[in-house]
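A quick write-up on the structure given underneath.
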Amino acid sequence: MIKQITPEIKYVGVDDLELDLFESQYVVPEGMSYNSYLILDEKVAVMDTVDARKGEEWLVQLEEALGGRKPDYLVVQHMEPDHSGSILALTQKYPDVVIVATAKALVFLGQFFDGVQFNTLAVKEGDTLELGAHTLRFFTAAMVHWPEVMVSFDTLDKVLFAADAFGKFGALSKCGYFGEEDDDWACEGRRYYFNICGKYGAPVQVLLKKVLPLAPAVIAPLHGPVLRENLGYYIDLYQTWSTYGVETEGVFVACASIHGGTMAVAERLKEILLAKGCPKVALADLTRDDQAEAVEDAFRYGRMVLCAASYDGGLFSPAYSFLHTLQMKAWQKRKVALVENGTWAPSAGKVMKEMFGAMKDVEIVGEMVSIRSRMKQNDLPALEALADAILQ
Ligand code: FEO
């Protein structure tokens with residue numbers, strides 16, 4: 001689907017509605033978009049390619065958008081295959097095209113396309129590319145989300161081509177190319193951000209400090225809708241997310257239960273927290289719900305209670321896997337409270353304490369509640385006290 005963004009800039013990306021798992025790990029029930037853009041000036045620039053899964057469809061669409069012209073440049077902002085997968089197909093069709101990328105991206109280009117000779121132009125921080133009326137200015141964006149990444153700023157129309165930043169899960173035919181049918185960008189924008197870039201808050205901050213003073217009028221990411229209205233809303237969210245701030249007041253209760261006993265505790269705790277005036281309590285079943293969504297909620301709220309069963313002398317694996325992911329994503333600056341369950345020798349709490357203890361600025365509050373098999377009447381005072389501790 002070709003969409004006009006400004007008089008000379010077009011959206012030429014593609015949707016993928018058949019993808020089962022993005023990055024072979026994230027469910028995308030609304031599909032995924034691989035965004036690509038075209039600047040038709042005296043010189044013609046293509047901004048990134050698309051996943052090879054959709055390369056053929058993209059090339060047909062690109063040819064139509066080119067209207068008989070040929071691209072002079074292919075700007076490669078990010079070499080991850082969801083964007084670089086159709087580079088070879090493009091250069092085979094347009095052999096004179098010059099690939100513009102950072103030096104590191106050109107190294108990765110050689111790794112992905114071993115033995116292929118490309119026409120290349122390495123650019124670095126602050127370099128510009130004159131297209132005619134349009135000038136692209138490049139800013140390195142290392143670790144947003146790979147080390148070779150750069151973003152590009154069109155100085156004429158003030159379009160920020162933001163690479164993976166400001167992206168979102170979901171196909172554009174579902175949410176609108178400019179997000180016009182999207183009533184909750186943050187829902188999938190947040191799940192995308194924390195699971196893809198969550199670890200890289202500091203590099204995201206570095207990037208924001210470089211590009212926000214340019215006052216972009218349009219943000220054109222590599223996934224998700226083109227943002228051109230109310231940009232302050234998205235930028236404010238990115239400021240909160242990349243500084244590991246609290247977005248929503250409330251408590252996230254995460255639970256890994258084997259036979260339902262631990263889940264009964266988590267549900268009771270949710271009732272207690274609400275009764276004590278907690279503005280919002282989100283409850284996730286780590287055994288069945290999307291763990292990427294649980295990771296998102298762990299970052300969204302400032303407080304978390306983890307309720308987990310013991311297993312094989314350790315921690316039930318869905319909880320272990322969740323904590324391992326939080327460690328990888330640099331989860332930090334949060335308060336946690338713990339509930340363990342075990343029938344003969346509860347062992348979950350020890351592992352949870354060790355894993356949280358290895359995280360930065362994570363404070364374990366209150367007395368861990370240890371349940372034997374099933375919650376009993378005499379466990380309730382300890383649960384009440386735990387709720388008070390996490391709310392304090
Ligand atoms: Fe959309 Fe990091 O690739």
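The values are calculated or read from the model by the stated rules, or taken from the named source; none is laboratory data. Please read all numbers here as calculations on a predicted model, not as lab measurements. No Cβ is skipped: glycine too gets one built from the backbone with ideal geometry, and neighbour counts run over all protein chains shown. When the accessible area is computed, the model is the full protein with side chains, heavy atoms only, and any ligands, DNA or RNA have been set aside. Shrake-Rupley method; radii C 1.70, N 1.55, O 1.52, S 1.80 Å.
Being closer than 20 Å to Asp164 by Cβ, part of a loop (DSSP other than H, G, I, E, B) and without any contact (Cβ under 8 Å) to a residue 60 or more places away in the chain is the filter here; which residues of segment 125-145 pass it? The one that is closer than 20 Å to Asp164 by Cβ, part of a loop (DSSP other than H, G, I, E, B) and without any contact (Cβ under 8 Å) to a residue 60 or more places away in the chain: Glu125. Consider segment 72-85 and keep the residues that are open to solvent by 10 Å² or more (accessible area, probe 1.4 Å) and away from the ligand (no atom under 14 Å from the Cβ). The one that is farthest from the chain's Cα centre (by Cα) is Asp72. Check segment 38-57 and report whether any residue there is under 27 Å from Trp146 (Cα atoms), over 24 Å from the mean Cα position of the chain (by Cα) and open to solvent by 20 Å² or more (accessible area, probe 1.4 Å). Yes, the conditions are met somewhere in segment 38-57.
Restricted to segment 86-120, and to residues there that are in contact (Cβ under 8 Å) with a residue 40 or more places away in the chain and open to solvent by 30 Å² or more (accessible area, probe 1.4 Å), the residue that is farthest from Val149 (Cα to Cα) is Ala89. Scanning segment 223-258 for residues that are in contact with a strand residue (DSSP E or B) (Cβ under 8 Å, 6 or more places away or on another chain) and either basic (Lys, Arg) or free of Cβ contacts under 8 Å to residues at least 12 places away in the same chain (or both) yields one hit, Arg228.
Within segment 347-367, residues that are touching a residue at least 24 places away in the same chain (Cβ under 8 Å) have Cβ atoms under 8 Å from residues that are exposed (fewer than 12 other Cβ atoms within 10 Å of the Cβ) and assigned to a loop (DSSP other than H, G, I, E, B) in these pairs: Ser347/Gly313; Val365/Gln392, counting only partners at least 6 apart in sequence or on another chain. Quick one: would you say Thr343 is surrounded by fewer than 18 Cβ atoms within 10 Å (Cβ to Cβ) and more than 19 Å from the chain's Cα centre (by Cα)? Answer is yes for this residue. Would you confirm whether or not segment 278-285 contains a residue that is part of a strand (DSSP E or B) and of a type in the set (Val, Ile, Thr)? Looking for residues that are part of a strand (DSSP E or B) and of a type in the set (Val, Ile, Thr), one finds at least one in segment 278-285, hence yes.
Taking the criterion of being surrounded by 15 or more Cβ atoms within 10 Å (Cβ to Cβ) and part of a loop (DSSP other than H, G, I, E, B), the residues of segment 346-373 that qualify are Pro346, Ser347, Met359, Val365, Gly366, Met368.
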